[in-house]
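Chemist: Okay, here's the structure, questions in a sec.
The values are calculated or read from the model by the stated rules, or taken from the named source; none is laboratory data. On a predicted model such as this, the values are computed, not experimentally measured, just so you know. For neighbour counting, all protein chains shown are included, and Cβ atoms are generated from backbone atoms with ideal geometry for every residue, glycine included. Please note that ligands, DNA and RNA were not included when accessible areas were found on the heavy atoms of the full protein model with its side chains. Shrake-Rupley method; radii C 1.70, N 1.55, O 1.52, S 1.80 Å.
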Amino acid sequence: QVQLVESGGGLVQGGGSLRLSCAASGRTFSSYAMGWFRQAPGKEREFVTGISRRGSITYYASSVKGRFTISRDNAKNTVYLQMNSLKPEDTAVYYCTAREVSTDYVPSVYPYWGQGTQVTVSS
C-alpha cells in the first residue's frame, strides 16, 4: 500500500501560480504511476495530469496543457504539480493518486488517493 498526503493548496488571484506537493509513504514510490485529479462543486472528478513511474512520460488534460507541469522526485517520494496562469475555472479540490503500472484517465482505476487540497482562484 501507499499513503498520499497533498499540500500547497490555497487562495490565489487569477493569473497567479501555485505548486502542489504530494508526499508518498509505504511501498516503493517508483513502482507507482502518479496522477492528479480535481473535483469542483457539483462536477465529476476529472483527470488533470499524470506521470509515469520514472517520470519520462507525462499526460495532461487539454484544459491545463501549457499551464500546468507535473514532475516527480523518486528520491524524495514526492510528486509535484506546478500550476501557472491560474484561472477561476481551475478552482477545485485537487487529489493526488497512485496506481501500479501506468497512468490512466479514469479515476476508478486508481486504488490510492490523498485527502485532497483546496485550490481557489479568484477573478
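Chemist: On alpha-carbon atoms, Rg over Rh for region 1-57 using Kirkwood Rh?
Modeler: Numbers: Rg = 13.5 Å, Rh = 13.4 Å.
Value, to two decimals: 1.01.
Chemist: Can you order the peptides 102-115, 45-58 by their average number of other Cβ atoms within 10 Å per residue, highest first? Present the calculation step by step, with values, prior to reporting the outcome.
Modeler: Working: 102-115: 14.8, 45-58: 17.4.
Most protected by this proxy first, the peptides run 45-58, 102-115.
Chemist: Dipole of the chain, Cα-centred, from +1 at each Lys and Arg C-beta and -1 at each Asp and Glu C-beta, to the nearest 20 debye? Intermediate results must be reported in sequence, preceding the final value.
Modeler: On the way: 13 positive and 8 negative charges, 50 e Å.
Approximately 240 debye in magnitude.
Chemist: Pull up the cross-link candidates among the aspartates and glutamates for LYS87, meaning alpha carbon to alpha carbon under 20 Å and not fewer than 8 places away within one chain.
Modeler: GLU44, GLU46
Chemist: What's the local net charge at THR91, with K and R +1, D and E -1, over the other residues with C-beta under 11 Å away?
Modeler: +1
Chemist: Now, a different point. Contact order normalised by length for region 42-109, with contacts defined as Cα pairs under 8 Å and 6 or more residues apart; what percent is it?
Modeler: On the way: 59 pairs, mean separation 21.1, N = 68.
About 31 percent, as a whole number.
Chemist: Here's something else I'd like to know. Taking amide H positions as placed 1.01 Å from N in the peptide plane, with prolines and chain starts having none, which residues 5 or more places from TYR112, or on another chain, fall under 5 Å of its amide H?
Modeler: Residues meeting the amide H criterion: ALA98.
Chemist: Roughly what % of DSSP beta bridges within the chain run antiparallel, to the nearest 5? Walk me through the numbers before you get to the answer.
Modeler: Working: 39 of 43 bridges.
The answer is about 90 percent antiparallel.
Chemist: Going by amide H atoms built from the backbone, whose H comes under 5 Å of the H on LYS87, apart from near neighbours?
Modeler: Those qualifying (amide H under 5 Å, at least 5 residues apart or on another chain) are GLY15.
Chemist: Right, here's the next one. So what are the ³J(HN,Hα) numbers for region 8-25, from phi and the Karplus equation (6.51, -1.76, 1.60; θ = phi - 60°), rounded to whole Hz, Gly and Pro as x?
Modeler: Whole-Hz 3J(HN,Hα) from phi for region 8-25: x, x, x, 9, 9, 6, x, x, x, 10, 9, 10, 8, 10, 9, 9, 10, 9.
Chemist: Can you run phi through the Karplus equation (6.51, -1.76, 1.60; θ = phi - 60°) for region 93-106 and list ³J(HN,Hα) in whole Hz, with x for Gly and Pro?
Modeler: For region 93-106, the Karplus-derived couplings read 8, 9, 10, 8, 9, 9, 8, 6, 5, 9, 6, 9, 8, 9 Hz, x marking Gly and Pro.
Chemist: Show GLU44, GLU6, GLU100, GLU89 ordered by accessible area, largest first, where the area counts protein heavy atoms only and the probe is 1.4 Å. Don't skip to the end; give the middle numbers.
Modeler: Values: GLU44 160, GLU6 10, GLU100 85, GLU89 125 Å².
Largest accessible area first, the list is GLU44, GLU89, GLU100, GLU6.
Chemist: Which value, to two decimals, describes the C-alpha radius of gyration of the chain once divided by 2.2 N^0.38 Å? Don't skip to the end; give the middle numbers.
Modeler: Values: Rg = 13.3 Å, N = 123, 2.2 N^0.38 = 13.7 Å.
The value comes to 0.97.
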